[in-house]
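To keep things clear, I will list the structure first and then write my remarks on it.
We did not get these values from a lab; they are worked out from the coordinates using the rules stated. Values in this document were obtained by computation on a predicted structure and should not be read as measured data. Don't worry about glycine lacking a Cβ; one is built from the backbone with ideal geometry, like all the others, and counts go over all protein chains shown.
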Amino acid sequence: MQTPLVHEVKQRLVPHVIALAGFSLVSNLLLLVAPLYMLQVYDRVLGSGSHDTLVWLTVLAVFLLGIYGVAESGRRRVCALAGDDIERMLAPKVFSQFERSPGSSPTLSRDLGALAKIQGALQSGSVLPFIDLPFTPIFLAVLFFIHPLIGLLGLAGGGLVFAVAVAAEMTTRQAGQVSQAALREASDFAGGLERQRSAMAAMGLVPASFRVWRARQGQARTAAMQAARSDGVFSSLSKSARQILQILVLGGGAALALMQEISPGAIVASSIILARTLGPIDQIVGGWRNSVQAWMAWRQLENALSGTCATEDYTPLPRPAPELSLERLSIVVPGADAPLVHPFSWSVKGGQIVAIVGANGAGKTTLLQTLSGAWLPGSGLARLGGRDLHQWNSADRGRFEGYVPQDVELLPASVRDNIARLGDGSAEEVVAAAQAAGAHSAILSLTQGYDTRVGPGGLHLSAGQRQLIGLARALYGRPVLLLLDEPTANLDMTATANVIDTLAEAAYQGTIILAATHDRRLIERASSVLYLHNGEAMAASSRQFLELATGPAARGPATGVKSA
């Protein structure tokens, strides 16, 4: 059954396919110029001794081969354009899928790698032998026209080389799939080690991790060697069979010429035509491994992007009212069946700091991830200013939200670009956000100040520096809703006091602030507390919570929270 993605790709490639078919038809027909030229030279020119005939035949052949060069160049250009069109069509879908996917696996880099492999297969012209294959019957027909025996030799040769290709597919497919899967697993494992370097070095885990990586890489290497060995065997068989068939055609043609059933020129012509007949099949067999990898990459993308649409145009909405309401909202970790927090209803307005508290694993981070729009709720709705957070276009919604995760990771860009969320914000707005977060002085101390490149591949920053820059990024644009996950975890006492004052100032200006925290100082400054315990959400004022902090049983029923 044809998926919507396949249908969309086919529709997008229709102009390229039409152009490619036209260029390929001209290119393949003009491949007959050389054998026909040799046939005329041997049978007409050498027999008549006419120099004029030789000159005009040569001029005509050179002219036609010039057209062949233009057609060949044209179809390679079409392939390159098709690859570029595929990339421009699928890349937005890959990023859209990355945005919608709640998983933690590195799907973005993997899917972009698969897309690059498909694009490379098109732009390198490795698909052209498959396009030339349907023209093979034309050359076979010419061989039969020269003599039925030569045609039968060509037909048998084509069947033999095709059988080798089928055997190669059946033999190498499973080994290739195993190799690719093992390589991805080893690559993902190595990528996961990079962020743990300090802990690994401190605890002496590098040798052990190397052994694990080597074992996984060894599985990939074994499967790859098996696939390469089979691929090499079939490739050599194909080339050997092709050479043998050409010898047989030359020998058979000579025998037919001795019996005066064909002309001497037909011997050379049939050999050239046979090479053109078997050429596409031989090229397919030789590049079978790369073709299989490109096909597997396409299947991976088709499965990953099934039902995914690129980011659609949207109408930017005005700044929402600072009102957050949760309607029978349940919180669930992606992939889990049971909700982490059962359905509850609750609301909060601007100007308040709400401390979200609870034991480790109670669902504080999951709640923030859900309210940020990164994860879908198990059930119910979350509305900001009356708008469903999870139906609101993320590019538009993100202008009014600020989010600081528990472990702040900066983008591979300058400090300014990180704070401005990769936008074109003015320097004044960026500096104002950094000053509000208490990050301005720390940024000025960097080698290039706000132009310092940070993130992967950039200058190493401490956890506290990343925390402050992450807070500046969240404050940029004066968001309506500010979500903070342990905002003071990596800060010293002075920085913590500054951050708490900053949050109080933002709340005073009307921002809704939800902060998951264990920090008593922040809880004391909060307007209220949302306490998560045993899958239930309970609300109280910060004073009540601190007074009744002896245990959840002492708190009694929540105020302002309605369980479903």
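What the table below lists for this structure:
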| quantity | calculated |
| --- | --- |
| Computed lengthening from ALA156 to TRP295, 0.36 nm per intervening residue step minus Cα-Cα distance | 47.2 nm |
| Of the DSSP H helices in the chain, those whose Cα atoms cover at least 30 Å axially and whose Kyte score averages -1.0 or more | 4-30, 51-100, 148-194, 206-258, 264-286 |
| Within straight-line cross-link reach of LYS349, lysines at Cα separation under 18 Å, skipping those fewer than 8 residues along the same chain | LYS562 |
| Under 13 Å from LYS117, Cα to Cα: aspartates and glutamates that are on another chain or at least 8 residues apart | ASP84, GLU87 |
| Estimated dipole of the chain in Debye, rounded to 20 [Cβ of Lys and Arg +1, of Asp and Glu -1, Cα centre] | 720 |
| Gain on full stretching of the segment that runs from SER379 to ALA208 - 0.36 nm per residue minus C-alpha separation | 57.3 nm |
| Neighbour-count ranking [beta-carbon atoms within 10 angstrom, fewest first] of THR452, THR315 | THR315, THR452 |
| For LEU13, LEU503, order by how many other beta-carbon atoms lie within 10 Å, fewest first | LEU13, LEU503 |
| LYS364, LYS349, LYS93 arranged by Cβ crowding within 10 Å, fewest neighbours leading | LYS349, LYS93, LYS364 |
| Selection from ALA294, ALA434, LEU461 lying farthest towards where the dipole of the chain points positive, charges on Cβ | ALA294 |
| Estimated 222 nm signal from helices in the chain, with DSSP H stretches of n ≥ 4 weighted -39500 (n - 2.57), rounded to 500 | -20000 deg cm²/dmol |
| Net charge, ARG216 excluded, C-beta distance under 14 Å - Lys, Arg +1, Asp, Glu -1 | +2 |
| Under 14 Å, Cβ to Cβ, from GLY265 - net charge with Lys/Arg +1 and Asp/Glu -1 | -1 |
| Which labelled figure in [x] 114, 49, 47; [y] 90, 73, 49; [z] 105, 79, 48 is Cα extents along the principal axes in Å, once derived from the coordinates | [x] |
